[in-house]
Each structure stands twice: as structure tokens, then as C-alpha cells.
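The structure appears below as C-alpha cells.
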Amino acid sequence: MKTSGNTILITGGGSGIGRELALRFNALGNTIIIAGRRMETLEETIAGQPNMYAMVVDVEDPTAITAFAERVVAEHPNLNVLINNAGIMRREDLSSTRDLSDAEQTIVANLLGPIRLTNALTDHLVSQPEAAIVNVSSGLAFVPLSGTPTYNATKAAIHSYTISLREQLKGKVELIELAPPAVQTELTPGQSAREGYMPLNDYIEEVMTLFSQQPTPKEILVEKVNFLRWAEREGRFDQAVEILSKM
């Protein structure tokens, strides 16, 4: 993936990792469209920045995604990079029968949303030169945190889906997986100040260094996520599950 001269769409671009990716890629000479639910938050991100645009989309609404994709292509016909970053994380207690609304909403937002948006933009992207799709998964795709079971499952699914998509779009669209460790963002309440989590700025600095490599790695893995990414291969999986469960 080239790092400048792109037109990049980033979902969940109004906060956290999405916001920082938007600002960093914009500074490298890319046109950026950030998408999310609240225009107020998006406008705060793009304020004073050249070649940055904000568009509202509900990634949980399939009809809205189709309409959004048509609009973004019409307004930004040079769109050649999609970063599926939007997502939610909810804690769940599996020890008794419960209301499944959190689990269902997590699946829609974290898995069906990226699948639907990618599908809506595939015909356009395959027609663009140097096109790429970046899917944001998580270190928890590889070792689950027991308190967030559906979140982990959706990220494991995104990892698998990305591999299949990479094979089917080979030679047409580059597929990259971005798998963060625990980062200080507001993905969950209070997480931005949680001790032991990777500071957001440090994470983005390392990520942008990896994106600058040629060729771009298929998986963007900062050093801190390797404990989870390679736990099974290195015979540490059960140990890693136990460590996470105590967090």
C-alpha cells in the first residue's frame, strides 16, 4: 500500500485509533474521508485540516451502508483505500441465561458492518489503481479475553475473513490486517487512562512506521501485540488465556 496520494475512507474516524490514523495519513498527503454516527465528533477531527471530509453512516444499518457507499463514490471517485475500523466492545457474563442484545449488536457492528461496507465498495475498489482494504482486528482475535467473548469472536472472524478476501482479490486489491493490542482509547469506559495499556500516540507511531515498509506487511503488528498473535504457535496459548482472564 502506498502511503501518499490515496483517497482513504476510515470508519470510526472520529475518535481513538481511527482518528489518529486519519490525521497521520492526511499529513502524508492523502485525501481522507472519515465516517461515523455523529457529525459533531467527525467535524472536530477534520477542523482546520486540508483534504479531510466527514460523512455520517450507521454501520449497523445495511440500507444506510448501501446508500453511503453510493454517495462516497459519487463525491470521491478516486477512493482507493478502505479502512474498516469502527467497532464496539462490551463485557458479557456467560454464567447464566442473559439478554443477548449486546452480543447481537457487537456482531452487527464488528463483523456484518465491515462485510457489508466492503461488499458495497468492492466493484469500485477493484477498478482503482493501487487499491487496498485495511481491516482492523485485535490481539484478542488470537487469544480471547474471557470477559468480552463476542468481541473476541468477531475479531477472530475478521482475521479469517481478511485472509479469504486477500486470496479472492489477489492482484486487484491489497488486503492488510491491523491487529492492535490493548491501547489507551475510549473503546471501553476509562480505557484511555488504564495502566498497562499502550499509549495511543506510541501505538500510532509504531503503526505508521510499519505502514511505511515496502512491501506493506500483510499484518500490521506492533511489538506489544506479538505476545497474543504468536501465543499458539509458540506453545503459550493456555498461559496467555489465563493471564488475560486475570486482568
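Here are some notes:
- Taken together, the criteria exclude Pro180 from residues that are under 20 Å from Ile163 (Cα atoms) and surrounded by fewer than 16 Cβ atoms within 10 Å (Cβ to Cβ).
- Checking each residue in the stretch 133-172 for being in contact with a strand residue (DSSP E or B) (Cβ under 7 Å, 6 or more places away or on another chain), among the aliphatic types (A, V, I, L, M), within 16 Å of Ala86 (Cα to Cα) and part of a helix (DSSP H, G or I) picks out only Ile158.
- Any chance Ala86 is part of a loop (DSSP other than H, G, I, E, B) and under 16 Å from the mean Cα position of the chain (by Cα): yes
- Residues satisfying the stated conditions in the stretch 173-188, i.e. touching a strand residue (DSSP E or B) at 6+ places or on another chain (Cβ under 9 Å) and either among the β-branched types (Val, Ile, Thr) or touching a residue at least 24 places away in the same chain (Cβ under 8 Å) (or both): Val173, Glu174, Leu175, Ile176, Glu177, Leu178, Ala179, Pro180, Pro181, Ala182, Val183
- Lone unmet requirement of (1) assigned to a strand (DSSP E or B); (2) touching a residue at least 40 places away in the same chain (Cβ under 8 Å); (3) over 20 Å from Ile158 (Cα atoms); (4) among the β-branched types (Val, Ile, Thr) for Ile32: (2)
- Number of positions in the stretch 192-233 that are exposed (fewer than 13 other Cβ atoms within 10 Å of the Cβ) and out of contact with any helix residue (DSSP H, G or I) (no Cβ under 9 Å at 6 or more places or on another chain): 10
- Taking the stretch 24-48 as the range and being in contact with a strand residue (DSSP E or B) (Cβ under 8 Å, 6 or more places away or on another chain) and surrounded by fewer than 21 Cβ atoms within 10 Å (Cβ to Cβ) as the test, the residues that pass are Asn26, Asn30, Thr31, Arg37, Arg38, Met39, Glu43.
- Exactly one residue out of Leu121, Leu111 is under 14 Å from the mean Cα position of the chain (by Cα) and in a helix (DSSP H, G or I): that is Leu111.
- Look at the stretch 109-121: where a residue is charged (D, E, K, R) and a partner is part of a helix (DSSP H, G or I), sitting 6+ places away or on another chain with Cβ atoms under 6 Å, you get Arg116/Pro62; Arg116/Ile65.
- Contact map, the stretch 49-61: first residue of a type in the set (A, V, I, L, M, F, W, C), second residue part of a loop (DSSP other than H, G, I, E, B), Cβ cut-off under 7 Å, separation 6 or more or different chains; pairs are Val56/Arg37; Val59/Ala86.
- Within the option set Glu206, Glu232, being touching a residue at least 12 places away in the same chain (Cβ under 8 Å), over 15 Å from the mean Cα position of the chain (by Cα) and part of a loop (DSSP other than H, G, I, E, B) holds for one residue only, Glu232.
Bear in mind that the values in this text are calculations on the coordinates, not laboratory data. Computed from a prediction, not measured in an experiment: that's the story for all the values here. Here the Cβ is made from the backbone with ideal geometry for all residues, glycine too, and neighbour counts use every protein chain on show.
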